[in-house]
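Undergrad: Mind looking over this structure? Questions follow.
Please treat every number below as a calculation from the coordinates, not as lab data. This is a predicted model, so every value here is computed, not measured. Glycine gets a Cβ as well: all are built from the backbone with ideal geometry, and neighbour counts include every protein chain shown.
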Amino acid sequence: MNNLMNPQYPEGRNLFKDQNILITAAAGSGIGFSTAKRFLEEGANIFISDVHQGRLDEAIDNLRLMNKGEVNGCLCNVTNDKEIEAMFKDALSYYSNLNGVINNAGLGGESLLENMSNEAWDLVMNVTLNGAMKIMRAAIPVLKESQGVIVNNASVLGWRAQAGQSHYAAAKAGVMALTRCVALETVNHGIRINAVAPSLAMNPHLSKTSSDELIAELESKEAFGRGAEPWEIANIILFLASDLSSYMTGEVISASSQRA
């Protein structure tokens, strides 16, 4: 098997030395936690949030054990304006400024539209689309000072049709549109906004929202015949947050061959 099938975990290169990065929904074992870990390995200080206190505390403890940059965090429901305001205030009480905000929170599910309740639709929209908008709105005035970056977590479902995913796909398509439009609103302030669109990132939570048969089918459609490791998506987020992507804003990068 070649290295595309068995990718090697990267070594840190100090891409974010002494920078301060906020990452939402970073507890657990998915893209958010992997992104927090990668930022630490690249020299950053991080501030993470989540909606689960126990999981958040465990994540902070594990990240601090790395003995890299500073690690702090707080609870935050991205649909709640007051909690978002408190999160940014808390982050700025630890760090003099923020250089980047990683908008990772999202919620999916599987349901045919004809069987979907208003509550199920609204929940996905509120977390995945409205939450992304609210974090971006709160981040902009903070990032003007540092001319920082925002990276949103979208999905290839914003482009690609998949039965049972109308609410999630519509929300992620909205995240892509937000990325493009708000990037033009903030470019004169030196703020760059881009997004990554993962196709299939493997983590234990996936089995709670998708059947084994569906996961196997989706893996078979990937160019490498497998889902991405969460840290592989994190690497793309780091690229978009770094000076290596200095000419990119309003862009959405597909993390696989499955764009459409």
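Undergrad: Before anything else, pin down the relative contact order of the chain: Cα pairs under 8 Å, at least 6 apart, normalised by residue count, whole percent.
TA: Working: 507 pairs, mean separation 50.0, N = 260.
Normalised by residue count, the contact order of the chain is 19 percent.
Undergrad: Can I ask one more? Loop-only check: which GluC sites (Glu not before Pro) in region 1-52 are DSSP coil with at most 14 other Cβ within 10 angstrom?
TA: On the way: sites: E11, E41, E42; in loops: E11, E42.
Sparse-neighbourhood loop GluC sites (Glu not before Pro): E11.
Undergrad: Label points 7 Å out from Cα along the Cβ direction at M248 and S117: separation in nm?
TA: For M248 paired with S117, the spin-label model returns 4.0 nm.
Undergrad: How large is ³J(HN,Hα), in whole Hz, for each residue of region 97-104 in order, when computed from phi with the Karplus curve 6.51 cos²θ - 1.76 cosθ + 1.60 and θ = phi - 60°, using x for Gly and Pro?
TA: 7, 10, 9, x, 10, 9, 8, 9
Undergrad: Out of residues 5 or more away from N103 or on other chains, whose amide H comes under 5 Å of its own, with H placed 1.01 Å from N in the peptide plane?
TA: Under 5 Å from the amide H of N103: V151, N152, N153.
Undergrad: Just to be sure I understand the model, the point goes 7 Å from the Cα along the line to the Cβ. What's the resulting N130 to L92 distance in nm?
TA: Result for the modelled spin labels: 2.5 nm.
Undergrad: Around Y95, what is the net charge, scoring Lys/Arg as +1 and Asp/Glu as -1 over all other residues with Cβ under 11 Å from its Cβ? Provide the component values of the computation, followed by the final result.
TA: Numbers: positive: none; negative: D18, E70, D90.
Computed value for this residue: -3.
Undergrad: Please work out the FRET efficiency for the pair K82 and E185, using the Cβ-Cβ distance as r and a Förster radius of 25 Å; give the result to the nearest 0.05. Please list the in-between numbers first.
TA: On the way: r = 24 Å, r/R0 = 0.97.
Once the sixth-power term is evaluated, E becomes 0.55.
Undergrad: Now a separate question. For region 128-141, take each phi angle, set θ = phi - 60°, evaluate the Karplus expression 6.51 cos²θ - 1.76 cosθ + 1.60, and give the result in whole Hz per residue in order, putting x for glycine and proline.
TA: Couplings: 7, 9, 5, x, 4, 4, 5, 5, 4, 4, 6, 6, 4, x Hz.
Undergrad: In whole Å, how far is the Cα centre of region 141-184 from that of region 8-55?
TA: 20
Undergrad: Based on the Cβ-Cβ distance of K144 and N67, what FRET efficiency does E = 1/(1 + (r/R0)^6) give at R0 = 35 Å, to the nearest 0.05? If you can, show how the numbers build up before the last one.
TA: On the way: r = 33 Å, r/R0 = 0.93.
FRET efficiency, K144 to N67: 0.60.
Undergrad: Right, another one. Which values of log₁₀ I(q)/I(0), to two decimal places, follow from the Debye formula for the chain at q = 0.07 Å⁻¹ with a uniform point scatterer at every Cα?
TA: -0.22
Undergrad: Separate question: Tell me which lysines have Cα within less than 21 Å of K68's Cα, excluding those fewer than 8 residues away on the same chain?
TA: K17, K37
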